[in-house]
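None of the figures in this text is laboratory data; all of them are computed from the coordinates on show. A quick note: this is a predicted structure, and the numbers were derived from the prediction, not measured. Positions of Cβ are backbone-derived with ideal geometry, glycine not excepted, and every protein chain shown enters the neighbour counts.
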Amino acid sequence: MITGVTGQDGSYLAKLLLDKGYTVLGAARRSASVNLWRLDYLGIRDKVKLVPMELLEFTNICRVIQDNKPDEFYNLAAQSFVAASFEMPLYTADADAIAVARILEAIRHYSPETRFYQASTSEMFGKVQEVPQIESTPFYPRSPYGVAKLYGHWITVNYRESFGLHASSGILFNHESPLRGLEFVTRKITAGLANVKHGHRSHIELGNMDAKRDWGFAGDFVEGMWRMLQQDTSGDYVLSTNETHTVRKFVELAASALDMNIEWSGEGVDEVGTDTKTGKQVVTINPQFYRPAEVDLLIGNSEKAQTVLGWKRQMSFEGLVESMAKADNDRAVDSSVKN
Ligand code: NAP
Ligand code: F7E
């Protein structure tokens, strides 16, 4: 069972498990029109059995777990956009923190043999206390999202230690793909620049260009999630690429994959990126995209995952940016994406 099956990671994980011969129950919240475009993109829409599940509704979670008693339960559903968490701190706490306790309680009572995976995050390191970050690095979250996820992490550890559940927490650094949501900076850049290239828009507006992230490919990271649940004992694992790059660097590589060449001028809110091939200003800064508190630098060390799980990322940073830019170029050609 996968919660968040309609999201980026949920869809890649569903594909991985189906390819391994699993029966996949995809827990999705009720909506007037359930968002299945990622499952369509991967060609698995008809292979995933959708089960209605709302993170905020304990009775719903209990019934679903009692009825299905899944062998493995991956909790990927969340309000996952950091910027939105500053506007919706209470909802984010309910969906990203308390919901984890709801699920663990239901597993404890109705299906204690179920192996549980919690989608924890490098955002818990926030204002980093050491470089690079590993499993034992002290946490210092910088957003309501990071704070909520920290509860989700520790309640997972606590149910493992208190009740003997096979409950693992994956502390995952940023992972992206052509299926990333459009509000996250990577997809905003690749979709935005592809649409600039094809004349659907004039430029893109970004926030903090100096932020550094450890960006990997989502398809590699879901493999690590699965490996965690195949271990005899549960635990906590960092998954990362062990490299870090600025947002500015991501823009440069995406532009290059789209046959553009960015030259920077100005500083801070006056910084501008010009495509030297057309002479047009294609990147400007809008302080609206700055955050009340920022995570300036993330870089992980996934040595434990490599040693214990035999996990290592496969796709390079450059390959990731190129694959996202190419996918968005194709989408922009048929002009169906205007973001
Ligand atoms: P995503 O694309 O934003 O997907 C989030 C999923 O959660 C969607 O399927 C969404 O359903 C579902 N959801 C949200 N609120 C819900 C609710 N109240 N009840 C039921 N379902 C709900 O996120 P992602 O990038 O795949 O990330 C997967 C998980 O990993 C998240 O928990 C995220 O916080 C965590 N994480 C992500 C990264 C990363 O870099 N991607 C890194 C570390 C941790 P709808 O389709 O209906 O909106
Ligand atoms: O921001 C900066 C922004 O929104 C990355 C989620 O999956 O990974 C993700 O969280 C950086 C930040 O991702 C814009 O300030 C500049 O420093 O793509 P993002 P995130 O906040 O790192 C973690 C690991 C998760 O767990 C989360 O669920 O880019 N930035 N300009 C911008 N960010 C956005 N979104 N938009 C901009 O215009």
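Summing +1 for each Lys or Arg and -1 for each Asp or Glu among the other residues whose beta-carbon sits under 9 angstrom from that of Glu135 gives 0.
As a rough footprinting exposure proxy, the listed residues Leu253, Leu16 were ranked by other beta carbons within 10 Å of their own, and the order from fewest upward is Leu16, Leu253.
Estimated from helices alone, the mean residue ellipticity of the chain at 222 nm is -11000 deg cm²/dmol (sum of -39500 (n - 2.57) over DSSP H runs with n ≥ 4, per residue). Per-residue extension of 0.36 nm, minus the Cα-Cα distance of Asp259 and Gln306, leaves a gain of 13.3 nm for this segment. With coordinates expressed along the principal axes, the C-alpha atoms belonging to the chain extend over 63, 44, 38 Å, beginning with the largest. Summing Cβ point charges (Lys, Arg +1; Asp, Glu -1) relative to the Cα centre of region 5-68 gives a dipole of roughly 100 debye.
Each part gets one Cα centre, and for region 19-40 versus region 143-191 those centres are 19 Å apart. Sorting Trp154, Trp37 by the number of Cβ atoms found within 10 Å of their own Cβ, with the fewest placed first, yields Trp37, Trp154. For region 13-141, the mean projected area of the C-alpha convex hull, equal to one quarter of the hull surface, is 9.8 nm².
The label-point distance for Phe58 and Ser162, in a model that sets each label 7 Å from Cα toward Cβ, rounds to 1.3 nm.
Straight-distance candidates among the lysines for linking to Lys312, with alpha-carbon spacing under 17 Å and chain neighbours fewer than 8 residues away dropped: Lys304. Which of Leu239, Leu76, Leu309 moves the most in a Gaussian network model of the chain with Cα springs under 10 Å? Sorting by GNM fluctuation, first place goes to Leu309. Residues whose amide H lies under 5 Å from that of Leu297, counting only those 5 or more places away or on a different chain, are Val128, Lys212; hydrogens are built 1.01 Å from N in the peptide plane.
Between Val283 and Ile204, Gly273, the built amide H atoms are under 5 Å apart, and every one of these is 5 or more places off in sequence or on another chain.
Seen from Pro52, the other residues with C-beta closer than 9 Å to its C-beta sum to a net charge of +1, counting Lys and Arg as +1 and Asp and Glu as -1. Lys20 sits among other residues whose Cβ lies under 13 Å from its own Cβ, and their net charge, with Lys and Arg +1 and Asp and Glu -1, is -1.
In order along region 249-257, the phi-based Karplus estimate (6.51 cos²θ - 1.76 cosθ + 1.60, θ = phi - 60°) of 3J(HN,Hα) comes to 5, 4, 4, 4, 5, 5, 4, 4, 5 Hz; Gly and Pro are listed as x. Each residue of region 160-173 was assigned a 3J(HN,Hα) from its phi angle through the Karplus curve 6.51 cos²θ - 1.76 cosθ + 1.60 (θ = phi - 60°); the sequence is 5, 6, 7, 10, x, 5, 7, 10, 10, 10, x, 8, 9, 7 Hz, with glycine and proline shown as x. Extending 7 Å from the Cα toward the beta-carbon at both Lys20 and Asn35 defines two label points whose distance is 2.6 nm. Result for the chain in a Gaussian network model with C-alpha springs under 10 Å: among Asn195, Asn301, Asn158, the largest mean-square fluctuation is at Asn158.
Between Ser202 and Leu182, the distance separating the two model label sites (each 7 Å from Cα on the Cα→Cβ line) works out to 2.0 nm. Backbone geometry of region 36-50 corresponds, through the Karplus equation with coefficients 6.51, -1.76 and 1.60 at θ = phi - 60°, to 3J(HN,Hα) couplings of 10, 5, 6, 5, 5, 4, 8, x, 10, 3, 7, 9, 8, 8, 7 Hz, x marking Gly and Pro.
Evaluated with a Cβ-only charge set (Lys, Arg +1; Asp, Glu -1), the chain carries a dipole of roughly 720 debye about its Cα centre, given to the nearest 20. In this structure the amide hydrogen of Ala77, modeled in the peptide plane, comes within under 5 Å of the amide hydrogens of Thr3, Gly4, none closer than 5 places in sequence on its chain. Dipole of the chain computed with +1 at Lys/Arg Cβ and -1 at Asp/Glu Cβ about the Cα centre; of Asn60, Val238, Val5, farthest Cα towards the positive end is Asn60.
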